[in-house]
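Data block below; observations after.
The values are calculated or read from the model by the stated rules, or taken from the named source; none is laboratory data. The shown structure was predicted, so the numbers you read here are calculated from the model rather than taken from an experiment. Quick reminder, even Gly has a Cβ in these numbers, built from the backbone with ideal geometry, and neighbours come from all protein chains shown.
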Amino acid sequence: MYRYKRLFVGLDLTEKDASQIAYSSLISRMARSEEIVFCHVRKELDLPLELKHDFPELYGEPLEDLQIRLKNEVDEIFAGDDRTKIRCEVLEGSILHEMLRFIKDLDVDLTIVGQQSETDTTSKIAEKLTRKAPCSVLILPVHTRAKISKILVPVEFSGTCAQALETAAAFGLAAGLQEITCAHIYKLPQGYYKTGKTKEQFQEIMEKNARKAFAEFIKDIDLRGLTVNPVFRLHNNTVQGVRETIAEQGADLAVLGAHGRTAGASMLLGSVTEGLIRKAHVPILAVKQKGTGMNILETIMKM
């Protein structure tokens with residue numbers, strides 16, 4: 001797995017950082033990454049300059065001290081590939097803006113960001129980064145273990161799902177897995193009863209069509225020699241259906257396609273991807289074609 005040569009890891013200098021550093025170590029070994037940039041952004045206080053000069057204690061630790069803390073934290077936990085170059089940066093400003101600027105300038109292949117809860121600020125940052133970053137984003141819930149033993153890919157037979165499945169296969173191969181699980185969540189049409197069929201009969205029809213569509217979808221995908229276990233599930237709520245399937249299958253990584261083949265669409269997330277990020281209970285890898293939406297991002301950065 002060589003596509004993730006340069007990684008960006010956003011840290012907040014709390015106990016939550018351990019999971020992100022450990023997981024970046026895992027990715028470093030799997031991808032033989034060339035460089036990982038660990039970055040902490042201190043939010044800039046909106047205060048007059050004279051107050052900054054007269055009351056420096058309002059700003060907390062000096063940036064130099066934060067830099068030392070960050071480096072010590074990374075040195076203590078990181079155990080990646082010996083060839084991976086490590087870089088630690090402390091910035092000041094808007095957290096999202098500074099992260100995006102750094103990701104763009106460094107030509108990052110994969111961004112790793114933590115998330116504490118659905119309503120936490122980190123959840124909003126994770127969602128916005130996934131929407132705006134010109135690369136794939138890995139969202140790690142707090143206390144995530146750095147392991148990949150079972151990968152699940154939600155599919156609805158689109159091009160973005162194909163890209164996600166190919167990426168999942170690369171991860172699976174690098175992690176030494178033999179199989180990947182694909183989950184297709186489907187609903188019954190509202191007026192199915194007008195056909196004269198029972199719920200069970202129409203469910204059988206829907207699943208039969210889904211299996212046929214899946215066979216067509218998967219035939220041209222490079223699975224790197226791995227086998228695929230397809231799971232078909234009837235559920236009125238697609239996000240909840242995926243979450244339940246992840247739990248039932250015991251998956252510890254979900255790989256999804258983030259919508260966006262065109263510049264405009266790149267700034268939008270699919271409803272399933274967005275919903276899973278907001279309520280992530282396992283790591284979520286949102287796969288994006290590198291460089292997607294770069295022109296729009298450059299415009300945003302100039303505002």
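Just one of (1) at pLDDT 95 or above; (2) touching a helix residue (DSSP H, G or I) at 6+ places or on another chain (Cβ under 8 Å); (3) part of a helix (DSSP H, G or I) fails for His184. It is (3).
Report whether or not Asp252 is modelled with pLDDT of 95 or more, acidic (Asp, Glu) and within 16 Å of Ala164 (Cα to Cα). Spelling it out, Asp252 is indeed modelled with pLDDT of 95 or more, acidic (Asp, Glu) and within 16 Å of Ala164 (Cα to Cα). For segment 29-44, does any single residue satisfy the condition of being surrounded by fewer than 20 Cβ atoms within 10 Å (Cβ to Cβ) and free of Cβ contacts under 8 Å to residues at least 12 places away in the same chain? No - not one qualifying residue is present in segment 29-44. Within the bounds of segment 76-89, is there any residue that is of a type in the set (Phe, Trp, Tyr), surrounded by 14 or more Cβ atoms within 10 Å (Cβ to Cβ) and not in a loop (DSSP other than H, G, I, E, B)? Scanning segment 76-89 turns up no residue that is of a type in the set (Phe, Trp, Tyr), surrounded by 14 or more Cβ atoms within 10 Å (Cβ to Cβ) and not in a loop (DSSP other than H, G, I, E, B).
Just one of the listed residues (Ile148, Ile125) is assigned to a helix (DSSP H, G or I) and either in contact (Cβ under 8 Å) with a residue 60 or more places away in the chain or hydrophobic (A, V, I, L, M, F, W, C) (or both), namely Ile125.
One residue stands out in segment 199-255 among those that are part of a loop (DSSP other than H, G, I, E, B) and hydrophobic (A, V, I, L, M, F, W, C): the one that is surrounded by the most Cβ atoms within 10 Å (Cβ to Cβ), namely Ala251.
Val287 falls short of the stated requirement of being in contact with a strand residue (DSSP E or B) (Cβ under 9 Å, 6 or more places away or on another chain), more than 25 Å from Arg101 (Cα to Cα), at pLDDT 65 or above and of a type in the set (Val, Ile, Thr).
Hey, can you tell me all the residues within segment 102-112 that are assigned to a helix (DSSP H, G or I) and buried (at least 17 other Cβ atoms within 10 Å of the Cβ)? Matches in segment 102-112: Phe102, Ile103, Lys104.
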